[in-house]
Amino acid sequence: MKFLKNISILLFVLTTSIVGAQVKFEAKVSKQKLGINERLRIDFEMNKDGDNFNPPSFSNFTVVGGPNQSVSNSWINGVRTYKKTYSYFLAPKKRGSFTIKQASITIDGETYKTLPLKIQVTAAVDKPKDPNDASYIASENIHLVAEVSKTNPYLNEAITVVYKLYVSPTIAVDNWNEIDSPRYNDFWSQNINTQGQKVQNGTYNGKDYRFLILRKAVLYPQKTGKLNIEPLSLDIALRVPSNRRDIFGSLLMTRVNRTVSAGNKTINVKPLPEAGKPIDFAGAVGDFKLDVIASKTILDASESFQIKVGVKGNGNLKLFKLPKISLPSSLEVYEPEHKEQVKTNLSGMRGSISDSYTVVPQYKGKYPIPSISFSYFDLKTETYKRLSSDEIVIDVLSGPTNNASETSNANTLNNEKQRVVLNNDQFAFIKTKTNFISTKPIYFFKTNLFWSLLLLPFLAIPLAIVVRKKKASRDADVYGNRIRKADKLAKKYLSNAKKSLGKKEAFYIALEKALHNYLKARLHIETNDLSKDRINSLLKEKQVDDETIKDFIAIVENCELARYTPIDIVTMQEDYDKAAKTISLIDKQAR
């Protein structure tokens, strides 16, 4: 019996060792059921370090925080425990049941994946309102508002949307990031430049606030019925007062992140009235004037002149077509040149559009240009209005006569429309350059290219010998190659860190990777051996100064602590410079 008992204990110890050596990679969530106004935390944990971590897409959620990375090492009774965690904070986009798909990572050359997780998002839930809670204080003191000038416009009537961020004087905003921009479907839209806007004082819900205009847009609805204006959403980093004070009695500030949204806006677009709508109505809405001008009315045959048809005023100038002119067949007319001189501000489009026709008379005589009419919908009176130009008579003094033109002129005077003749071959193009080539024979062996190709191999031989010797010398330098490889790897990650300056999380993750990978290449150790004591002992063996070792470990500690403390860009630049200097010193001192 005693023998069997000893065998059982031995098997238990072996089983425990095997299980302990197994790789674990799993996903954990803070809750599996949450309201649409709540946040979800998901952690991806592993008991051994790996590479190429790929999170799932989070397609039904907005990532409002993360990835945050944490590493813990502990030794209990001689047994080492390692845990590395990637954390994300998610906000649901809509209600429903969703699946968070698998994450993957490569550990010791093998790929591991987490199990999919099902999450249920319900309607908004009531949260307990703690007056001392930083998130609650932030929600009560910061608001993003979309102000719409008119909620029931006519089709093609201009409306404006102004987005204002209201902030209470008691809190401070560090920065914000636009996480969802509105798409103005079914609207013609034009954003108005808001650069240089200053913070203003105002009121919101009867309280004093500071506000900043973030965005302005002019919209022209292109469909009738209920149209949706999507919200603008921001992720804002801010500081709110806590109930704690410093040694001088001043309130301490707590840093929080808050997602605010302007909310959906519904616009009810009215159709233009059918009563009194002209047959030739082309969709113009606003207040306009019509101009029809001929550059000259007296000229000779084959001499050109221009007829300009223009509309100016305030309205949807870019969204309708100008009326066409009708000319006698004896006048050749070319495709018009369209011009727009339109400015868009908060009142809508203002300016002018025009079509300029080039006309060439072929025969002597008088040619009347009939009146041109243009109709539009007047928003002030909510009625249709028609504008008409005066008749213009073109007098061609000299040129060949055409008996048919007399009949044509008579018909035109009787207000009968004539066919417009388009002629694109009126003006012939005369070539100004020839394409003659020399007929003198050219011999290849007399050219510079022939002699260059002949001498090139002789010049390349000594260059190839020098390059080969240098390559052989470099390949023989095993120790130097190892150092260059480490430098290249460290510079790569330091380059990534430099690109991320100003983005705290990404910067310190990249900086930490640079330090770890440098040591892995320089000291020939694995990531799971990178404890501070191990680093200290290995660098001392390499005869690195104590001060340099101390600086290196301090930078690693800064990377770990920086994710949980406020850091400005000046501190990030100092840490980057210090890391570059320390790596250079270790390279020089290590034996």
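The values are calculated or read from the model by the stated rules, or taken from the named source; none is laboratory data. This structure is a prediction, so every number in the text was calculated from the model and none was measured. For neighbour counting, all protein chains shown are included, and Cβ atoms are generated from backbone atoms with ideal geometry for every residue, glycine included. Ligands, DNA and RNA are stripped out before the accessible areas are found, and what is left, the full protein with its side chains, is counted by its heavy atoms. Shrake-Rupley method; radii C 1.70, N 1.55, O 1.52, S 1.80 Å.
Here are the numbers for this structure:
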{"quantity": "Residue that is modelled with the highest pLDDT [pool: residues in region 569-591 that are open to solvent by 80 Å² or more (accessible area, probe 1.4 Å) and within 30 Å of the chain's Cα centre (by Cα)]", "calculated": "GLU574"}
{"quantity": "Any hit, region 181-200, residues being without any contact (Cβ under 8 Å) to a residue 40 or more places away in the chain, farther than 30 Å from VAL269 by Cα, open to solvent by 40 Å² or more (accessible area, probe 1.4 Å) and assigned to a strand (DSSP E or B)", "calculated": "yes"}
{"quantity": "Any hit, region 261-282, residues being touching a Leu at 6+ places or on another chain (Cβ under 7 Å) and under 26 Å from ARG39 (Cβ atoms)", "calculated": "yes"}
{"quantity": "Residue tally, condition part of a loop (DSSP other than H, G, I, E, B) and either open to solvent by 50 Å² or more (accessible area, probe 1.4 Å) or of a type outside the set (Phe, Trp, Tyr) (or both), over region 56-70", "calculated": "4"}
{"quantity": "Residue satisfying all of: in region 462-479; modelled with pLDDT of 75 or more and open to solvent by 100 Å² or more (accessible area, probe 1.4 Å); farthest from ALA590 (Cα to Cα) among these", "calculated": "LEU463"}
{"quantity": "Selection count, region 71-103, where residues are in a strand (DSSP E or B), more than 26 Å from LYS33 (Cβ to Cβ) and not hydrophobic (A, V, I, L, M, F, W, C)", "calculated": "8"}
{"quantity": "Qualifying residues in region 81-108 (those that are closer than 19 Å to GLN22 by Cβ and free of Cβ contacts under 8 Å to residues at least 40 places away in the same chain) - the one surrounded by the most Cβ atoms within 10 Å (Cβ to Cβ)", "calculated": "LYS84"}
{"quantity": "Residue tally, condition within 27 Å of MET349 (Cβ to Cβ) and out of contact with any Pro (no Cβ under 8 Å at 6 or more places or on another chain), over region 166-187", "calculated": "5"}
{"quantity": "Residues satisfying the stated conditions in region 338-355, i.e. closer than 24 Å to VAL148 by Cβ, in contact with a helix residue (DSSP H, G or I) (Cβ under 9 Å, 6 or more places away or on another chain) and of a type in the set (A, V, I, L, M)", "calculated": "VAL342, MET349"}
{"quantity": "Selection count, region 141-164, where residues are buried (at least 17 other Cβ atoms within 10 Å of the Cβ) and β-branched (Val, Ile, Thr)", "calculated": "5"}
{"quantity": "Residue count for region 109-127, restricted to those that are open to solvent by less than 20 Å² (accessible area, probe 1.4 Å) and over 20 Å from ILE179 (Cβ atoms)", "calculated": "1"}
{"quantity": "LYS223, sole failed condition from (1) within 18 Å of ASN152 (Cβ to Cβ); (2) free of Cβ contacts under 8 Å to residues at least 60 places away in the same chain; (3) not in a strand (DSSP E or B)", "calculated": "(2)"}
{"quantity": "Subset of region 291-303 that is within 49 Å of the chain's Cα centre (by Cα) and either small (Gly, Ala, Ser) or part of a loop (DSSP other than H, G, I, E, B) (or both) - its residue that is farthest from LYS366 (Cα to Cα)", "calculated": "SER295"}
{"quantity": "Residue match in region 480-496 (condition: at pLDDT below 75, over 42 Å from the mean Cα position of the chain (by Cα), over 30 Å from TYR82 (Cβ atoms) and not polar (S, T, N, Q))", "calculated": "yes"}
{"quantity": "Region 422-448, residues that are surrounded by 10 or more Cβ atoms within 10 Å (Cβ to Cβ) and at pLDDT 65 or above", "calculated": "THR447"}
{"quantity": "Selection from region 201-214 of residues that are buried (at least 16 other Cβ atoms within 10 Å of the Cβ) and either part of a loop (DSSP other than H, G, I, E, B) or within 18 Å of the chain's Cα centre (by Cα) (or both)", "calculated": "LEU214"}
